[in-house]
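What follows is a single structure, written as structure tokens, with notes after it.
The values are calculated or read from the model by the stated rules, or taken from the named source; none is laboratory data. Everything numeric here is computed off the predicted structure, so don't read it as measured data. Reconstructed Cβ throughout: ideal geometry from the backbone, glycine too, with neighbour counts over all protein chains shown.
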Amino acid sequence: MPQRSIRFSDRVLKEVDAVWRTRGFASPTAFIRFAVKQELSERQEGLTAAEERIAATLIQVRKDVFRVGRAQQALFAYVDTLAKALLTYVPEPPAEARPRAVACAKERYERLIKSAGRAMVGESKLAMEDLVGDLDRP
């Protein structure tokens, strides 16, 4: 076994001398060897456990993102189907009533957007504001 020379401060040497006998070691060198082995084995085991926790967290996040994506696709399909049904079965207003119908529809739309905005909080509200901002642009 190759030898190594390690220099310790006076304070550390005093602590080692005070501890090695009380813990039942044959010499200060035996205590230092034990301390180094303990530190190395704990670091390796601790790193492995941390890696396992990180991997488990990433797997859970991946599953959650997948579920959210699926829910978003289902919601999009639902809204698309609802819009198609409304556009198919709601008759066009007569030509003379069209301007009034368009004005009423815009008012209802504004109330709908405001109601949806009040129901949303946090990131959802920001997303809705971005969407409404995109609709107002030509």
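How about segment 81-92: which of its residues are assigned to a helix (DSSP H, G or I), loosely packed, with under 10 Cβ neighbours inside 10 Å and hydrophobic (A, V, I, L, M, F, W, C)? Working first, answer last.
Step one: list which residues in segment 81-92 are assigned to a helix (DSSP H, G or I), which gives 81-89.
Now drop any that are not loosely packed, with under 10 Cβ neighbours inside 10 Å, which leaves 86-89.
Residues satisfying the conditions are LEU86, LEU87.
Right, ARG70: in a helix (DSSP H, G or I) and at pLDDT 85 or above or not?
Answer is yes for this residue.
What single numbered condition from (1) of a type in the set (Gly, Ala, Ser); (2) surrounded by 10 or more Cβ atoms within 10 Å (Cβ to Cβ); (3) at pLDDT 90 or above fails to hold for ALA95?
Just one mismatch for ALA95, condition (2).
Return only the number of the condition from (1) modelled with pLDDT under 90; (2) on the phi < 0 side of the Ramachandran plot; (3) not basic (Lys, Arg) that VAL61 does not satisfy.
(1)
Looking only at segment 8-22, which residues are touching a Phe, Trp or Tyr at 6+ places or on another chain (Cβ under 7 Å) and free of Cβ contacts under 8 Å to residues at least 12 places away in the same chain?
If we filter segment 8-22 for residues that are touching a Phe, Trp or Tyr at 6+ places or on another chain (Cβ under 7 Å), which is where we start, we get 16, 19-20.
Once the filter is applied, which keeps residues that are touching a Phe, Trp or Tyr at 6+ places or on another chain (Cβ under 7 Å) and free of Cβ contacts under 8 Å to residues at least 12 places away in the same chain, segment 8-22 yields only TRP20.
(1) at positive phi; (2) in a helix (DSSP H, G or I): which one isn't true of TYR78, the others all being true?
The one condition TYR78 does not meet is (1).
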